[in-house]
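The values are calculated or read from the model by the stated rules, or taken from the named source; none is laboratory data. Note that the structure is predicted; figures quoted are calculated from it, not measured. Because the Cβ atoms are built from the backbone with ideal geometry, glycine has one as well, and the counts that use them run over all protein chains shown. We work out accessible area using only protein heavy atoms, side chains counted, and drop any ligands, DNA or RNA first. Shrake-Rupley method; radii C 1.70, N 1.55, O 1.52, S 1.80 Å.
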Amino acid sequence: MSALRAPPLLLRALVHLIVYFGAATMLVPLAWMVLTALKSESEAALAPTWSTLLPSSPRWGNFLEAVRAADLDRFYLNSTIAAVVTTVLAVSHNALAGYAFAKLRFAGKRVLFGLTLATMMVPIQVYFIITYIVCARLGFSDNIQALVVPFLASGFGVFYMRQAMEAVPDSLIEAARIDGMREFDTFWYVARPIVWPALVSLGVFTFVFSWNNFFWPLIVVDSERSKTLPLAIADLSAGQYVDSWPVQMAAGTILIVPLIVVFLFVQRAFVRGVAGSGLKE
Amino acid sequence: MTGQRSITAYAFLLFPLGILLVFTLVPTVIGLWLGFFAWDGGTDPTWVGTKNFTDLADDAKFGPALRNTLVYVAASVPPTVLIGFLLAVAAQAEWFRGRVIVRTLFFLPTILSIVAIGYVWRWLLEPDAGLLNWGLRLVGFANPPDWLNDQAWALPSIIAVSVWRGVGFCMVIYLASLATINRSLFEAAEMDGATPAQVLRHITWPQVAPTTAFLLITGVIGALQVFDIVFVMTGQAEGDATSVLNLYIYRLFTYGQLGYAAAVGVVIFAITLLATAVQLLWAGRDRSSRRAAA
């Protein structure tokens, strides 16, 4: 196999230049946020010049002020609990349903799977009013259950896990059954290790979705007590906690930067999951 | 034996499908039904037939919201997909240096919440102290606009930020798709003397057509539901310049006009179904005509 001919040097340089410039713009907003967070209020309010791009003397106190202005630790805790519980339970449920749809025979399978897929097509704005009422009747209003329970299964998750379970060889499952394994044990000891990468990808997806979810929490959360990070950011943005841009940006930094650090660790699983979801037809 | 396994299957499905039924499927059916009622959430709903929909036709707040939503879809989705494609083609080339770092950077905004992105961009787009206008003044624009408060610029600004955020996701999907193209196609084209532009247009682009269809369809469905970015960037203002359908539903919900809000939901659902059907037909026809040509 011969190497393909490369285009002329000038074109290659130009392509690198454009792509790198675009990649840099992905970092600029975050860098600007952090730099602003370290400035004084008067410094941040001025039109920037080359000499004032960097803070004259970094004011770390802005971060303390941000923490004092809003219950950032409480919002972190809420988001973390909601995302972790949702991820663990939703991935388990979706995997069980995916296994049933891929490997078990039962009456009504096509209809049930069709209904599951149909849920993916419906925008949340069509059903959120009724779901809100259901949650209120169940006593979930303004607490963590409302952020978790409706997301403990998803059409996409079931579909994704069914695709993964299809790849588990039938012969292995038959062998387990002949050896007298119960179906749940077959799922747990035979199928689960094989689909592990898919479980991890779906887990990362679910976590990020829950962590970033905005519309639904906006509907069900009424108090500071149950607020999640995106709601806190929106309120910051509306100037609810502090007026000063540097303190707002300090709060933004506290809310956003840890997720970026986590992302750098899990991005392989995430990218693999995203890429895989797009290829299946 | 089979009967027993059936019971196992239902046991496996009980909880997941129960959740979907209670929190999505049943609320969807009732939600669509609610569009034909007047309801404030307290007293019993009153059947009003199609009145909600005829009211929408005359509603001075609905028209701009619908128009802005459609503009948002049409102006944000195709550029996002196209730029994502070009980035993937560039990064995937054998001579490209730094593929992993570039992919990581472009993908970064995908994992950040849209609210956080809108928040940071509001500050970048600030008219006096913002970084963008500083850059524009540097290169000679003396009076750059107040992006988010200028009626003419607010929606385009939001669209630009959406495109900026979305290209990395499309790039990652296209990279996976490009990796599956048979290399011999490119080698054959090169032997026949095709220029890089011809290869891009007549080999690479048709080969990734299913991926393009996937990205367009999911992109349009997502864009029809645009809410977060508008809410955080301009949504606190009451103006119509950037109002979109979901922002209007949210406002109606907070005003307690639940039946009327549900009617807007019905409209969004109908547009979503229509747009998806059109795109599926178009993608299908595209494929069969190519098969006929081959």
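Do the conditions hold for B:Gly84, that is, is it more than 7 Å from chain A (Cβ to nearest Cβ), touching a residue at least 40 places away in the same chain (Cβ under 8 Å) and either open to solvent by 10 Å² or more (accessible area, probe 1.4 Å) or under 30 Å from A:Val134 (Cα atoms) (or both)? Answer is no for this residue.
Residues checked against (1) away from chain B (no Cβ under 13 Å); (2) acidic (Asp, Glu); (3) within 16 Å of B:Phe12 (Cβ to Cβ):
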| site | (1), (2), (3) |
| --- | --- |
| A:Thr186 | no, no, yes |
| A:Tyr189 | yes, no, yes |
| A:Ser201 | no, no, no |
| A:Phe207 | no, no, no |
| A:Ser223 | yes, no, no |
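Counting the residues of region B:172-184 that are within 11 Å of chain A (Cβ to nearest Cβ) and either of a type in the set (Lys, Arg) or surrounded by 12 or more Cβ atoms within 10 Å (Cβ to Cβ) (or both) gives 8. Scanning region B:107-130 for residues that are closer than 26 Å to B:Ala91 by Cα, among the aliphatic types (A, V, I, L, M) and part of a helix (DSSP H, G or I) yields B:Leu108, B:Ile111, B:Ile114, B:Ile117. Considering each residue of region B:192-210 in turn, at least one proves to be assigned to a loop (DSSP other than H, G, I, E, B), more than 29 Å from B:Val244 (Cα to Cα), within 27 Å of the chain's Cα centre (by Cα) and more than 9 Å from every other protein chain (Cβ to nearest Cβ). I want to confirm something. Restricting to region A:105-119 and keeping residues that are surrounded by 15 or more Cβ atoms within 10 Å (Cβ to Cβ) and part of a helix (DSSP H, G or I), which single residue is nearest to the other protein chains (Cβ to nearest Cβ)? This residue is A:Thr119.
The residues of region A:217-239 that are in contact (Cβ under 8 Å) with a residue 24 or more places away in the chain and in a loop (DSSP other than H, G, I, E, B), listed by number, are A:Val221, A:Asp222, A:Ser223, A:Lys227, A:Thr228.
With respect to the conditions (1) in contact with a Gly (Cβ under 9 Å, 6 or more places away or on another chain); (2) facing another protein chain (nearest Cβ under 7 Å); (3) buried (at least 24 other Cβ atoms within 10 Å of the Cβ), A:Ala100 falls short on a single one, namely (1). Between a first residue in region B:12-28 that is facing another protein chain (nearest Cβ under 7 Å) and a second residue that is hydrophobic (A, V, I, L, M, F, W, C) and in a helix (DSSP H, G or I), which pairs have beta carbons less than 6 Å apart while being 6 or more apart in sequence or on different chains? Listed pairs, sorted by first residue: B:Phe12/A:Leu96; B:Phe12/A:Ala100; B:Leu13/A:Ala97; B:Leu13/A:Ala100; B:Pro16/A:Ala97; B:Pro27/A:Ile130; B:Thr28/A:Val126.
Highlighted here are the helices (runs of 4 or more DSSP H) found entirely within region A:151-216 that include at least 3 residues which are under 24 Å from the mean Cα position of the chain (by Cα) and assigned by TED's automatic domain parsing to the domain that holds A:Ala102: A:155-166, A:196-212.
When region B:225-236 is filtered for residues that are free of Cβ contacts under 8 Å to residues at least 40 places away in the same chain and either assigned to a helix (DSSP H, G or I) or open to solvent by 20 Å² or more (accessible area, probe 1.4 Å) (or both), only B:Gln236 remains. The set of residues in region B:264-279 that are in contact (Cβ under 8 Å) with a residue 40 or more places away in the chain and within 11 Å of chain A (Cβ to nearest Cβ) comprises B:Val264, B:Gly265, B:Val266, B:Val267, B:Ile268, B:Phe269, B:Ile271, B:Thr272, B:Thr276.
Is it true that A:Ser244 is closer than 30 Å to A:Ala69 by Cα, surrounded by fewer than 17 Cβ atoms within 10 Å (Cβ to Cβ) and hydroxyl-bearing (Ser, Thr, Tyr)? So A:Ser244 fails the test.
Residue count for region A:80-97 satisfying the condition of being in contact (Cβ under 8 Å) with a residue 40 or more places away in the chain and at the interface with chain B (Cβ under 10 Å from one of its Cβ atoms): 7.
Selection of region A:55-74 for residues being within 14 Å of chain B (Cβ to nearest Cβ), under 32 Å from the mean Cα position of the chain (by Cα) and assigned to a loop (DSSP other than H, G, I, E, B) yields only A:Ala70.
Are any residues in region B:26-51 β-branched (Val, Ile, Thr) and under 26 Å from the mean Cα position of the chain (by Cα), and if so, which ones? Answer for region B:26-51, where residues must be β-branched (Val, Ile, Thr) and under 26 Å from the mean Cα position of the chain (by Cα): B:Val26, B:Thr28, B:Val29, B:Ile30. Only one residue in A:Ala13, A:Ala102 is in contact (Cβ under 8 Å) with a residue 60 or more places away in the chain and part of a helix (DSSP H, G or I). Which one? Being in contact (Cβ under 8 Å) with a residue 60 or more places away in the chain and part of a helix (DSSP H, G or I) holds for just one of A:Ala13, A:Ala102, which is A:Ala102.
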